[in-house]
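Working notes, structure below.
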Amino acid sequence: MVGSNRIAQIGTYAMAAVRERTEQLRARGLTPVDFGMGDPSAPTPEFIRRACAEGIERHAASGYPPFAGSAPFRQAVVDWVEGRFGVAIDPETEIVSSVGSKESIFHLPEALIDPGDVVICPDPGYPPYGGGTIFAEGEPYYVPIQNRTDFLPDLDSIPDSIAERARIFWLTTPSSPSGRIASSEFLESWVQWCRDRDIVACSDEAYSEIYFDQPPPSALEQGKQGVLVFNSLSKRSAMTGYRVGWVAGDARIIALYRKLKANIDTGTPWFIQEAAIAAYSDESHVAEMRDGYRKRRDLFVSAFEAAGLPRSDPEASLYVWQRAPEGVTSTALAEALLDEKILAVTIPSAALVGDASRHGPDEQYVRLSMVATWEESERIAGAIAEHLRLD
Ligand SMILES: Cc1ncc(COP(=O)(O)O)c(C=O)c1O
């Protein structure tokens, strides 16, 4: 069976390759620790699980949920956004639920672009930006986010010929993989740049609550015209398996996405939405989780430094984006971390970039996801400090 042209254009999902590699090591009797996926190993807080179980009983006759999210779910998000960012959102017209952000990110281009239109994607970045574009028969344009661009897209580097054909511009803030937070000033200039060119400014804020110092601003603070913000409960409340998120912003664009969604899925299950409502009613579990990630960040940043690598300084997200020493490739660093004395599975930047030709040889990194237990993290950080050799 030969697949479609679209599926042929998509490479192996980077995370799938990491999983396969971990399995191969396990098959050899080794016990690697997986720092590849951004999937928290901590259990979803008990009060959220309980709300979910109660939701099952409340909706004993299950019934299809509304695909745009239940009224109480939308209200809970709207209240949270108002409290967190000081932005008022109309629950009827300016928000829609998603089956997790991945679903909405992948599908959005279907509602907004025509074949041949361009979608600007940060590079390296979350694979569904490019994947969703290709499936909608668009063209991804990968704009590098590098050390030398302060891990933000350099707006002046984007050719006019690309900007004229672009319909969507993805920004990830806080950034995966770099952990960089876009400032309000950057968001202002980015949103304005997009508005001037009639491009939809799509801000993926999946990591907005996993910060180590200052809470990141949201693109919603720049006004809703031409702006969409994507967020979910996955990272904030360790709910990756629940599959619940939302998109909020410009009512005209939300209406288009709602229309698309009505044709694709039938919404997030009732009881999952009830769990999400409970999650948004509490901030203490999020503060606790942040403390855990901050401790791990300090641990790994120091371990790499002790091993003689350049210091990285993530401001937010689940990741340490560790730069390789000069002359060492990202793959060589990832392989050195798989040494039998360390056995840490990470993702090399080579597996994450969309257009390798735009990246200099000095932009070599591995992404280490801080999701392992504290005991595993301490053990592996100790091994990195002691045994990581790059000769
Ligand atoms: C940058 C970024 N955006 C969005 C997501 C999607 O998260 P979810 O689909 O679980 O909401 C992820 C998940 O890892 C991510 O890394």
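Under a Gaussian network description of the chain, with springs only between Cα atoms under 10 Å, the residue in 381, 163, 53 that fluctuates furthest is 53. Computed from the C-beta positions of residue 389 and residue 291 and an R0 of 22 Å, the FRET efficiency is 0.10 to the nearest 0.05.
Any idea what diffusion coefficient segment 1-132 gets from Stokes-Einstein, in µm²/s, Kirkwood Rh on alpha carbon pairs, 4 °C, 1.567 mPa s? Diffusion coefficient, whole number: 67 µm²/s. Sites listed here are trypsin sites (Lys or Arg not before Pro) in segment 22-55 whose DSSP assignment is loop and whose Cβ has at most 16 other Cβ atoms within 10 Å: 28. With a ≥ b ≥ c taken as the square roots of the eigenvalues of the C-alpha gyration tensor of segment 112-188, please select rounded if a/c is under 1.5 and otherwise prolate if a/b is larger than b/c or oblate if it is not? Prolate.
Using the Karplus relation 6.51 cos²θ - 1.76 cosθ + 1.60 with θ = phi - 60°, the per-residue 3J(HN,Hα) values for segment 109-121 come to x, 4, 8, 10, 10, 10, x, x, 5, 9, 10, 8, 10 Hz, with x marking Gly and Pro.
For the chain, what log10 I(q)/I(0) values come out of the Debye formula at q = 0.11, 0.12, 0.14 1/Å, with one point per alpha carbon and no solvent? Rounded to two decimals, the profile gives -0.80, -0.96, -1.29. When the chain is treated as a Gaussian network with alpha carbon springs shorter than 10 Å, the biggest mean-square fluctuation among 31, 268, 173 belongs to 31. Residues 37, 370, arranged from fewest to most other Cβ atoms within 10 angstrom of their Cβ, appear as 37, 370. Specify the longest stretch of the chain that does not include any exposed loop site, a site being one of the GluC sites (Glu not before Pro) with a non-H, G, I, E, B DSSP assignment and at most 16 other Cβ atoms within 10 Å. Here the longest run is 138-282. For the chain, the share of DSSP beta bridges that are antiparallel, to the nearest 5, is 45%. Rounded to the nearest whole Hz, the Karplus-based 3J(HN,Hα) values (6.51 cos²θ - 1.76 cosθ + 1.60, θ = phi - 60°) of segment 275-292 follow the sequence 4, 5, 4, 4, 4, 6, 7, 9, 10, 5, 5, 6, 4, 5, 5, 4, 4, x, with x at glycine and proline. Calculated [222 nm] ellipticity per residue, helices only, for the chain: -12500 deg cm²/dmol; basis is -39500 (n - 2.57) per DSSP H run with n ≥ 4, divided by all residues, nearest 500. Comparing mean-square fluctuations of 87, 229, 244 from a GNM of the chain with C-alpha springs under 10 Å, the top value falls on 87.
With 26 Å as the limit, write out which pairs from 224/259; 102/341; 224/295 have Cα-Cα distances beyond it, or answer none. Pairs exceeding 26 Å: 102/341; 224/295.
Here, each number is a calculation from the coordinates, and none is a lab measurement. Note that this is a predicted model, so its numbers are computed, not measured. Neighbour counts run over all protein chains shown; Cβ positions are idealised from the backbone, glycine included.
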